[in-house]
């Protein structure tokens, strides 16, 4: 029996989250709803501007795959995580947070370095959309040599995030993980993460997809960008050439699922959103938790939509830990 249901491989970031106005985003030149990669100086200048205008931020451990693994672990899946942080305040905060959530961090790497741990500045506009400025820091140095062979002998599925395509070393780490997973018959799940990342690193994305993954996550915009198809049904069918199962999120409208060329729709849940940051990650964590537990695609997607709908009603990328279990119980009783 496998020691871990799920391994995550991704960037390790600490989020600083602010409520902002649309005019602030426009003034700073951000395209709303996307992620922008910046260097350390740019991140510091942005944080200073935000704190001057909006005060101190809310802090949380983040990163796309981090949020997914966190949710799956709280929901009951046995999880491990592979990442790289600096031996600094943010790095210790990040690893402690994962460990407290029951995630095994034995294969994560903490380094004494002049490069800081990764950070993400999350700006939430009045319509609940999140716009992100990310400084990957030492997280981008995660490399193929950090991916241990032995962990794949003890695992059922590995989850990879598309943000890893942005660095040469982190991309190599993903490709090494795919190679090892296939050699050990470990399933592979992959998320496209962000339309800007898909557009900027499409060749690397396609290299991952051409390796054939078992489960693919994306939203409707990412599906169109990666396939160069404007018709969403055509796009999802194209994605079916790369993955056995495809889950496409549609925001409040729910999700589409593809398996064996058949498309199935799952309705969303109506709520008043406050912050959409982390909603897609929470959806993926809930879906993987259910799939690993033997649920059907539709049942897994319904739970993913349900949990994500609760997640967008709070500020920040996550729910309180007890709320994951509360909503799990509530969904099970529906």
Top-ranked residue in segment 10-49 [being without any contact (Cβ under 8 Å) to a residue 60 or more places away in the chain and out of contact with any helix residue (DSSP H, G or I) (no Cβ under 8 Å at 6 or more places or on another chain); ranked as nearest to residue 92 (Cα to Cα)]: 44
Test: residue 8 is in contact with a strand residue (DSSP E or B) (Cβ under 6 Å, 6 or more places away or on another chain) and assigned to a helix (DSSP H, G or I): no
Given (1) surrounded by fewer than 22 Cβ atoms within 10 Å (Cβ to Cβ); (2) within 15 Å of residue 215 (Cβ to Cβ); (3) touching a strand residue (DSSP E or B) at 6+ places or on another chain (Cβ under 6 Å), index of the condition residue 254 fails: (2)
Any hit, segment 309-318, residues being at pLDDT below 95, assigned to a helix (DSSP H, G or I) and within 26 Å of residue 121 (Cα to Cα): no
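Table: residues versus (1) touching a strand residue (DSSP E or B) at 6+ places or on another chain (Cβ under 9 Å); (2) modelled with pLDDT of 95 or more; (3) under 27 Å from residue 313 (Cβ atoms).
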residue: 178; (1), (2), (3): yes, yes, no
residue: 230; (1), (2), (3): no, yes, no
residue: 236; (1), (2), (3): yes, yes, no
residue: 241; (1), (2), (3): no, yes, no
residue: 267; (1), (2), (3): yes, yes, yes
residue: 275; (1), (2), (3): yes, no, yes
Hits in segment 108-138 - residues which are part of a loop (DSSP other than H, G, I, E, B) and under 16 Å from residue 316 (Cα atoms): 125, 126, 127, 128, 129
In segment 181-240, residue surrounded by the most Cβ atoms within 10 Å (Cβ to Cβ) [restricted to those that are in a strand (DSSP E or B) and free of Cβ contacts under 8 Å to residues at least 60 places away in the same chain]: 218
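The values are calculated or read from the model by the stated rules, or taken from the named source; none is laboratory data. Remember, it's a predicted structure, so these values are computed and weren't measured experimentally. Cβ: placed from backbone, ideal geometry, glycine included. Neighbour counts: every protein chain shown.
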